[in-house]
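J.: First the structure, which I've put down as structure tokens, then a few questions once you've had a look.
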Amino acid sequence: MAFMEKPPAGKVLLDDTVPLTAAIEASQSLQSHTEYIIRVQRGISVENSWQIVRRYSDFDLLNNSLQIAGLSLPLPPKKLIGNMDREFIAERQKGLQNYLNVITTNHILSNCELVKKFLDPNNYSANYTEIALQHVSMFFRSEPKWEVVEPLKDIGWRIRKKYFLMKIKNQPKERLVLSWADLGPDKYLSDKDFQCLIKLLPSCLHPYIYRVTFATANESSALLIRMFNEKGTLKDLIYKAKPKDPFLKKYCNPKKIQGLELQQIKTYGRQILEVLKFLHDKGFPYGHLHASNVMLDGDTCRLLDLENSLLGLPSFYRSYFTQFRKINTLESVDVHCFGHLLYEMTYGRPPDSVPVDSFPPAPSMAVVAVLESTLSCEACKNGMPTVSRLLQMPLFSDVLLTTSEKPQFKIPTKLKEALKIAKECIEKRLIEEQKQIHQHRRLTRAQSHHGSEEERKKRKILARKKSKRSAIENSEEHSAKYTNSNNSAGSGASSPLTSPSSPTPPSTTVEHAPF
């Protein structure tokens, strides 16, 4: 499908990873309560903004729902007496603004459904669990051997992706996980190619890819079934979390921050790089690497959610790499995301911000070398190394892989071409978004610089100097004319034309004017 063609039916054009910002513009006091008028903006475009009205009780309700994250959020306390005083309302407005700033800049909180519904009720009013159940129920009509054991509520971060614990009726002790997801804004495959590729996923065999048991799709969504792993993902190992717990509870505020052993970092890192290289060589776009998408099976890492790129879902780290114009291919996205993952394996938590200026002490300088090549200011500015280059670095080059399983993933030539076109379209959207962010950032910096107190003082000084220069030039010009006039009157018409002294050019004075 060409980039500008009409989007497929069921495609969600909204990118849920684009950050929302919120600013309280005003407050209004009614008879018994105060309402706060909030301007919410999606991304960098002022045109993509709207107003919402919220009471303190709405903030309180949201805050109670977010307590599952285990964070101490700065919601101003309740006040029963004097809560209509103007000074109190102004002070509370500042506190509520600070609260909004905290939840919109926290990477996990800002992407959760609770916050999205609070800030953007028009786009997030649907009951996504109910929608998923409807699709899953329709699937069971034609596949009666499966049975739902229980929904796995909010175990993932995606709003439009839901999970259910399953069993096969004639194998009741075996547990599986069904995932259902909507199409996303980066879905550029035709419906036919999309469905064919989804159904190919169970045939993909690789020692470091988690096997898909069953996969099917329609024109608006996809459904996949995999074995349920009691040990959970690599992120569950790092955070000492239970796989069935909600995402916010598991990962937002870990009780114990501890990185992995050096040998684990080396082995897991090498395995993940090997599977990334395999997918890149196959021309299969991934772009969704993070610790929750790596399943642990003993001492082996297995990559999850290959379907995400086919569905057109945006990446967990998209709001990070859209800031850097050199990270503009899915291969470079995978390498940058690998840097995030390596940081988390090393330090037991994600980086506070990216790019990373300096790295804490690590188990080996070889770890820091890889982190610098993927997360540092220089790396983000100049571009990512290739996966092959990372594999050659000292941290991974001496890791011996003992698996004997031969990778298999046969993609017909026609579908390979469709994947290539879809990949180019995904990258084109990314590049366009990066360009807009870069231009916005330059404009904002220029406006900020122009409006600064220091810059205003400079402009005043320059204006005074310009005025002074102008006065000097006018004075010299007047003096020159007066001298010329006197010379002409004294010498008469027979005086040679070259005899009077030429007036001093104004530029001579300007060149020597003090600055």
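J.: Starting at the first residue of the range 118-123, write each ³J(HN,Hα) from the Karplus equation 6.51 cos²θ - 1.76 cosθ + 1.60 with θ = phi - 60°, in whole Hz, x for Gly and Pro.
T.: Per-residue couplings from phi come out as 5, 8, 9, x, 5, 9 Hz.
J.: If you don't mind, there's one more thing I want to ask. With +1 on each Lys and Arg Cβ and -1 on each Asp and Glu Cβ, and nothing else charged, work out how big the dipole of the chain is about its Cα centre, in Debye to the nearest 20.
T.: The dipole of the chain has a size of about 260 debye.
J.: Can you give me the solvent accessible area of His107 with a 1.4 Å probe, rounded to the nearest 10 Å²?
T.: For His107, the solvent-accessible surface is approximately 40 Å².
J.: Step through the residues of the range 25-33 one at a time and calculate ³J(HN,Hα) from phi using the Karplus curve (6.51 cos²θ - 1.76 cosθ + 1.60, θ = phi - 60°), rounding each to whole Hz and writing x for Gly and Pro.
T.: Calculated HN-Hα couplings, in order: 8, 6, 9, 9, 8, 9, 4, 10, 7 Hz.
J.: Using only the C-alpha atoms of the range 324-430, find the volume of their convex hull and express it per residue in Å³. Could the numbers behind the result be given before it?
T.: On the way: hull volume 14.2 nm³, N = 107.
Taking only Cα atoms, the range 324-430 has a hull volume of 133 Å³ per residue.
J.: Check Ile168: other-chain or 5+ apart residues with amide H under 5 Å from its amide H, H built from backbone geometry?
T.: Glu174
J.: Please list the helices of the chain that count as membrane-span-like by this rule: a mean Kyte-Doolittle hydropathy of at least -0.5 together with Cα atoms stretching 24 Å or more along the helix axis, each helix being a complete DSSP H run.
T.: Taking the DSSP H segments of the chain (at least 24 Å long, mean hydropathy at least -0.5), we get 262-282, 330-347.
J.: Using only helices, what value at 222 nm comes out for the chain when you add -39,500 (n - 2.57) per DSSP H run of length 4 or more and divide by the total residues, to the nearest 500 deg cm²/dmol?
T.: Per the formula, -14500 deg cm²/dmol.
J.: Something else: Which one, Thr386, Pro185, Leu114, is farthest towards the positive end of the dipole of the chain when Lys and Arg carry +1 and Asp and Glu -1 on their Cβ?
T.: Leu114
J.: Taking a probe of 1.4 angstrom, what is the accessible area of Lys249 in Å², to the nearest 10?
T.: Lys249 has an accessible surface of roughly 110 Å² with all protein chains in place.
J.: Quick check: from the Cα gyration tensor, does the range 119-243 come out rounded (a/c under 1.5), prolate or oblate? Let's see the in-between values first.
T.: Working: a/c = 1.28, a/b = 1.10, b/c = 1.16.
In terms of gyration-tensor shape, rounded.
J.: Taking a 1.4 Å probe, which of Met393, Met166 shows the most accessible area, and what order do the others take after it?
T.: So the residues, ranked largest to smallest area, are Met393, Met166.
J.: If I model a spin label at Phe140 and Val102 as a point 7 Å from the Cα along the Cα→Cβ vector, what separation in nanometres do I get?
T.: Output for this residue pair reads 4.1 nm.
J.: Would you please state which residues of the range 393-412 a label at Lys282 would reach in this model, taking the label point 7 Å out along Cα→Cβ and a backbone N cut-off of under 17 Å?
T.: In the range 393-412, the label zone of Lys282 (backbone N under 17 Å from the point 7 Å along Cα→Cβ) covers 404-412.
J.: Val148 to Ser470: extension gain in nm, 0.36 nm per residue of separation minus the Cα-Cα distance?
T.: This chain segment gains 107.4 nm when fully extended.
J.: What whole-number value in Å² describes the accessible area per residue of the chain for a 1.4 Å probe?
T.: 52 Å²
J.: Relative to the present Cα-Cα distance, how much length would full extension add between Lys414 and Gln447 at 0.36 nm per residue of separation?
T.: Extending this stretch completely gives an extra 6.9 nm.
J.: With a Cα-only, solvent-free Debye model of the chain, what are the log10 I(q)/I(0) values at q = 0.12 Å⁻¹?
T.: -1.20
J.: Roughly how many percent of the accessible protein surface of the chain is carbon and sulfur, given a 1.4 Å probe and a whole-percent answer?
T.: C and S fraction of accessible area: 52 percent.
The values are calculated or read from the model by the stated rules, or taken from the named source; none is laboratory data. From a predicted model like this one, the values you see are computed outputs, not experimental measurements. Every residue, glycine among them, receives a Cβ derived from its backbone with ideal geometry; neighbour counts consider all protein chains shown. Note: areas computed on protein heavy atoms with side chains; ligands, DNA, RNA excluded. Shrake-Rupley method; radii C 1.70, N 1.55, O 1.52, S 1.80 Å.
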